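Colleague: The following block contains the structure, expressed as structure tokens.
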Amino acid sequence: MKQQHKIRRGGATIMASLILLLGSLAYIMLLAVINGSLGFLSAMGVTLFGAIGIAKALGETVALSWGWIITLAIACGALRGALRYFEQYSNHYIAFRLLAVLRDRIFGALRALCPAKLESKQKGSIIAMITSDIETLEVFYAHTISPICIAVIVSLTVTIFVATVSSIWLALVALCAYLFIGIVVPMISSARLKVSGVNYRREFSLFNAYFLDSIKGVKDIVLSGAGAQREREVNDRSDVLLRETKKMKRDTTRAAAFTELAVSLSILATLAVGIVLVHTGALSVGYMIIGVTAVFSSFGPVIAISALPGNLTQTFASGDRVLDLLKEEPVVKPVIGGREIGEYRELSVSDLSFSYDGETEVLRDICMHAKKGEIVGIVGESGCGKSTFLKLLLRFWQKSGGTIAYNGMDIDTVDSEDLLKNVTMVSQVTYLFDETIEENLRIAGQHATKEEIEQACRMASVHDLIMSLPDGYETCVGALGDRLSAGEKQRIGLARAFLSGSDLILLDEPTSNVDSINEGIILRALREQKKKKSIILVSHRESTMAIADRIYRVEKGCMTEENK
Ligand SMILES: Nc1ncnc2c1ncn2[C@@H]1O[C@H](COP(=O)(O)OP(=O)(O)OP(=O)(O)O)[C@@H](O)[C@H]1O
Ligand SMILES: [Mg+2]
């Protein structure tokens, strides 16, 4: 589960690494911070010039004329609007650009890690990462770093202004107040908020997962008559979530109240010090008003910081996961600039061994060979390692020992892209994208003509089916819902394989979900393809194996050729 991720890096390291990820976007972030700080200072300027006007009316010597005071106050107001616009603009620009950059980086990292990584148990958390962690990080960049920087800049500017124009004592009080509201208060409340925030998010995702699962499995719930019990469980879980939500809201509200209290006390303290200074004659009334007004109107940015801790824990956890993934080494390193297979002539495997976990060997000392134009069958009990063998032939996993050689070149020296161009696989489950049927087929042959696509579908015995759909090849897969059966999807997968220009096709149970009539059509098509394509065929079915020229049997991790 996502929340169980242990944050391994310190907060500062995560922040620094995330900022480094920004690259050239950092300049725009700087712009956002400058605009934000100047924007807030100009908002303060309106009140401040008002205070300066009052001081002048009280008879203080102020270097500015009435005309200037009024003009500057109006200018500050107008500037505030413009700067606010640019601040928001740059923040959103960064946010959206950054989401794109981050997605691109993560996708790039995943491409290198796949497919081994996506087969592992972590699949769920990777999907969670791509969807929610990146969104959380957007909050970090657009709504966390800027507020912190703006708070520091504004607080320092106001402290220096008050110290030079009004009184060093007032400035000191202000500085203490900023440190208290911006650092001490968030530290105190974060301990509490962390617990209730984590609990709330855990319950929230548990509830969501359970609810979604129930909706997905509603058919089986109805069939098993488990509706009433499931409903009770949903209600119970929803009560638990409500309890956690209340706790979280209560803690957030308390923290906000605590901050407000700290701000009010700071204002009172500033006022008290101001009055004492006037009484002792250290400060005139007019300049006391200027100093105190400046401090009063400057708490906005530090209040914003004290509202952060609630989501910082979550942000750090997301950042940590993303950084982990970006630095993860792939199980299989892609071969870039390696040798090219050229026209496929033969495949020879000798003494091949493989284990997923480094302990139990799934395949041991495998020897087999296949030639151009041959259909080689592989049979064996479920779970004996047939699919694993095909995946090794595509280098989805790194073999532990032995050789897999295409045209005499070991697979580890063959260029990864070239390998996938020359060898294609139809796996046991075909994934169809939420696009039209034609687009789904086109991923295997970008430049194929309509005729070629239809031809491939005829060979895979799926053309008539596609023509019976509402819009034929233009039918959107999403609009069909569950209408396509497993066998139909499988045949579309097969058409993809025919469409790809690969000489060698690996078929993992191509006929497992089709009836005997369609099996016959597919097998006939495969036999016809034999002239042009070579095939390695995994199947349980005796009838399918009838078309194989030679058959290997996998048993207890070993492979032996059967006499036909
Ligand atoms: N990603 C993985 N990580 C760890 N073990 C795996 C992984 N994939 C498969 N296995 C294990 O390796 C063994 C061989 O699996 P494989 O899928 O190759 O069998 P199969 O012969 O294709 O079975 P079937 O006929 O049911 O498709 C099984 O015990 C399976 O549990
Ligand atoms: Mg299999």
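Colleague: Pairwise over distinct Cα atoms, reciprocal of the mean inverse distance: report the Kirkwood radius of the stretch 346-562 in Å, one decimal place. Numbers along the way, then the final one.
Modeller: On the way: mean 1/r = 0.0561 Å⁻¹.
Roughly 17.8 Å, rounded to one decimal.
Colleague: Still on this structure: Would you please name the GluC sites (Glu not before Pro) within the stretch 339-391 that are DSSP coil residues with at most 11 other C-beta atoms within 10 Å of their C-beta?
Modeller: Working: sites: E340, E343, E346, E359, E361, E374, E381; in loops: E340, E343, E359, E361, E374, E381.
For GluC sites (Glu not before Pro) across the stretch 339-391 that sit outside H, G, I, E and B with at most 11 neighbouring Cβ atoms in 10 Å, the list reads E343, E359.
Colleague: Below 8 Å, C-alpha to C-alpha, sequence gap of six or more: please give me the relative contact order for the stretch 415-506 in percent.
Modeller: Details: 109 pairs, mean separation 47.8, N = 92.
Relative contact order comes out at 52 percent.
Colleague: What aspartates and glutamates sit close enough to K531 to cross-link, taking a C-alpha to C-alpha distance under 12 Å and skipping anything fewer than 8 places away on the same chain?
Modeller: E374, D503
Colleague: For the stretch 426-459 and the stretch 494-560, what is the separation of their Cα centres, given in Å?
Modeller: If you average the Cα positions of each part, the centres end up 18 Å apart.
Colleague: Which whole-number percent is the relative contact order of the chain (Cα, under 8 Å, 6+ apart)? All intermediate terms of the calculation are to be shown ahead of the outcome.
Modeller: Values: 769 pairs, mean separation 86.6, N = 564.
Taking the mean separation of contacting Cα pairs over the length of the chain, I get 15 percent.
Colleague: Still on this structure, I have one more. So how long is each side of the stretch 262-371 along the principal axes, counting just the alpha-carbon atoms, biggest first, in Å?
Modeller: Its Cα atoms span 102, 34, 17 Å along the three principal axes.
Colleague: Further, regarding this structure: Could you work out the local net charge near K194, counting Lys and Arg as +1, Asp and Glu as -1, over the other residues with Cβ closer than 13 Å to its Cβ? Before the final figure, lay out each step's value.
Modeller: Details: positive: R192, R201, R202, K247; negative: D251.
Once all neighbours under 13 Å are counted, the net charge is +3.
Colleague: How big is the shadow of the Cα convex hull of the chain, averaged over all directions, in nm²? Can you show the working numbers first?
Modeller: Working: hull surface 139.7 nm².
Result: 34.9 nm².
Colleague: Same structure, new question: Divide by every residue of the chain the summed helix terms, -39500 (n - 2.57) for each DSSP H run of at least 4, and state the resulting mean residue ellipticity at 222 nm, rounded to the nearest 500 deg cm²/dmol. Intermediate results must be reported in sequence, preceding the final value.
Modeller: Values: 23 runs with 339 residues, N = 564.
For the chain, the value works out to -19500 deg cm²/dmol.
Colleague: Output the antiparallel fraction of DSSP beta bridges having both residues in the stretch 436-561, as a percent to the nearest 5. Write down the numbers at each step before the final one.
Modeller: Working: 5 of 10 bridges.
If I count the DSSP bridges inside the stretch 436-561, around 50 percent turn out antiparallel.
Colleague: Hey, another quick one. Which pairs, out of K219/K489; K450/K530; K333/K421; K219/K450; K216/K556, put more than 29 Å between their alpha-carbon atoms?
Modeller: Numbers: K219/K489 22 Å; K450/K530 23 Å; K333/K421 18 Å; K219/K450 39 Å; K216/K556 37 Å.
Long pairs (Cα-Cα over 29 Å): K219/K450; K216/K556.
Colleague: Continuing with this model, one more query. Where both partners of a DSSP beta bridge lie in the chain, what percent of those bridges are antiparallel, to the nearest 5?
Modeller: So the antiparallel bridges amount to about 50 percent of the total.
Colleague: Please compute the contact order of the stretch 346-562 in relative form: average sequence separation of alpha-carbon pairs under 8 Å and at least six residues apart, divided by the residue count, as a percent. Walk me through the numbers before you get to the answer.
Modeller: Numbers: 396 pairs, mean separation 67.8, N = 217.
RCO, the stretch 346-562: 31 percent.
Colleague: What ranking of D251, D220 emerges when the number of other C-beta atoms within 10 Å of each C-beta is taken as an exposure proxy, fewest first? Intermediate values should be presented prior to the final figure.
Modeller: Values: D251 19, D220 9.
Neighbour counts put them in this order, fewest first: D220, D251.
Colleague: Counting Lys and Arg as +1 and Asp and Glu as -1, what is the net charge of the other residues whose Cβ lies under 14 Å from the Cβ of A256? Write out the running numbers ahead of the final one.
Modeller: Details: positive: R192, K249, R250, R254; negative: D251, E260.
For residues surrounding A256, the net value is +2.
Read-outs throughout are calculated quantities, based only on the coordinates presented, and are distinct from any laboratory measurement. Bear in mind that the values here come from a model prediction, so they are computed numbers and not experimental data. Here the Cβ is made from the backbone with ideal geometry for all residues, glycine too, and neighbour counts use every protein chain on show.
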